[in-house]
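Presented below is the structure to which this report refers.
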Amino acid sequence: MIEPANDAIAELLRGRRTIHNFQAEPVPQALLLQALELARWAPNHHLTEPWRFYLPGPATIAEIIDLNCRLVAAQKGAAAADNKRRRWASMPGWLVLTSQRSDKPVCQQEDYAACCCAVQNMQLYLASKGVGVKWSTGTVTREAAFYQILGADPEQEQVVGLFWYGYPVLTPPRRRNKDVAEITIELP
Ligand SMILES: Cc1cc2nc3c(=O)[nH]c(=O)nc-3n(C[C@H](O)[C@H](O)[C@H](O)COP(=O)(O)O)c2cc1C
């Protein structure tokens with residue numbers, strides 16, 4: 001049984017939460033750009049710098065919302081699509097991250113891993129400034145039409161996630177189910 005660390009970085013790591021509901025106030029663009037500048041300092045085998053950060057403006061956001069509503073309407077009906085439209089239209093900040101594909105499977109996996117590290121750099125920096133993030137890998141992010149909206153070639157890039165960011169309405173409680181001892185295997 002270890003005593004959990006309680007220094008500032010430990011608190012930042014433990015305190016960052018996925019945020020589902022945001023205040024309307026937008027996050028300054030300069031702060032997001034700082035977070036992206038830090039994101040790219042993530043570890044990255046062969047320094048391929050596989051990340052591409054797309055910052056959708058209002059017209060692109062509207063296209064993504066329309067596409068998602070069409071998908072939701074087809075699966076769950078018009079009322080569910082309307083609800084989703086309202087919810088997505090209220091998201092104050094939008095970002096899409098893609099990872100460059102590689103014809104070498106190991107390289108592609110390592111590049112995706114590096115992108116995930118970059119996401120965490122970004123999330124932690126934003127969290128330190130009171131800004132929350134939600135990482136989404138919903139159906140829409142796998143659609144050919146989604147890549148088309150971004151102007152991204154799905155043979156060259158893979159979507160790592162659609163991210164919403166903003167000032168949290170509520171930060172959910174901390175939760176991890178497994179004890180460290182349960183996930184740690186000491187070997188001779
Ligand atoms: C690769 C990845 C994809 C995720 N996709 C979704 C998603 O589509 N919808 C969602 O609500 N949360 C998504 N999340 C957030 C997780 O649900 C969240 O991290 C988890 O519930 C733990 O909560 P915490 O981030 O507050 O610690 C994703 C997280 C990761 C790492």
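Of the residues that make up segment 54-71, is at least one in a loop (DSSP other than H, G, I, E, B) and farther than 16 Å from residue 162 by Cβ?
First pass over segment 54-71, keeping only residues in a loop (DSSP other than H, G, I, E, B): 55-57.
Among the residues that remain, those that are also farther than 16 Å from residue 162 by Cβ are: none.
Among the residues of segment 54-71, not one is in a loop (DSSP other than H, G, I, E, B) and farther than 16 Å from residue 162 by Cβ, which makes the answer no.
Considering only residues that are out of contact with any Pro (no Cβ under 8 Å at 6 or more places or on another chain), in contact (Cβ under 8 Å) with a residue 60 or more places away in the chain and of a type outside the set (A, V, I, L, M), look in segment 76-111 and name the one that is nearest to the ligand (Cβ to nearest atom).
So the residue we want is 98.
Assuming residue 71 fulfils every condition listed in (1) under 25 Å from residue 155 (Cβ atoms); (2) away from the ligand (no atom under 16 Å from the Cβ) apart from one, which condition is it?
(2)
Return the residues of segment 3-34 that are in contact (Cβ under 8 Å) with a residue 40 or more places away in the chain and within 16 Å of the ligand (Cβ to nearest atom); say none if nothing qualifies.
Hits for segment 3-34 are 12, 13, 14, 15, 16, 17, 18, 19, 20, 21, 22.
Exactly one of these conditions fails for residue 130: (1) closer than 24 Å to residue 49 by Cβ; (2) within 16 Å of the ligand (Cβ to nearest atom). Give me its number.
For residue 130, the exception is condition (1).
(1) within 15 Å of the ligand (Cβ to nearest atom); (2) buried (at least 20 other Cβ atoms within 10 Å of the Cβ): which one isn't true of residue 116, the others all being true?
All conditions pass for residue 116, except number (2).
Answer yes or no: is there a residue in segment 140-147 that is modelled with pLDDT of 95 or more, within 12 Å of the ligand (Cβ to nearest atom) and crowded, with 16+ Cβ neighbours inside 10 Å.
Yes, that holds for at least one residue.
Return yes when residue 14 is surrounded by 13 or more Cβ atoms within 10 Å (Cβ to Cβ), of a type in the set (Lys, Arg) and outside any helix (DSSP H, G or I) and no when it is not. I'd like the intermediate steps shown before the answer.
Working: surrounded by 13 or more Cβ atoms within 10 Å (Cβ to Cβ): yes; of a type in the set (Lys, Arg): yes; outside any helix (DSSP H, G or I): no.
The answer is no for residue 14.
What's the total number of residues in segment 35-53 that are under 16 Å from the mean Cα position of the chain (by Cα) and in a helix (DSSP H, G or I)?
The number of residues fulfilling the criteria is 5.
The values are calculated or read from the model by the stated rules, or taken from the named source; none is laboratory data. Note that the structure is predicted; figures quoted are calculated from it, not measured. When we count neighbours, we look across all protein chains shown, and the Cβ atoms used for this are built from the backbone with ideal geometry, even at glycine.
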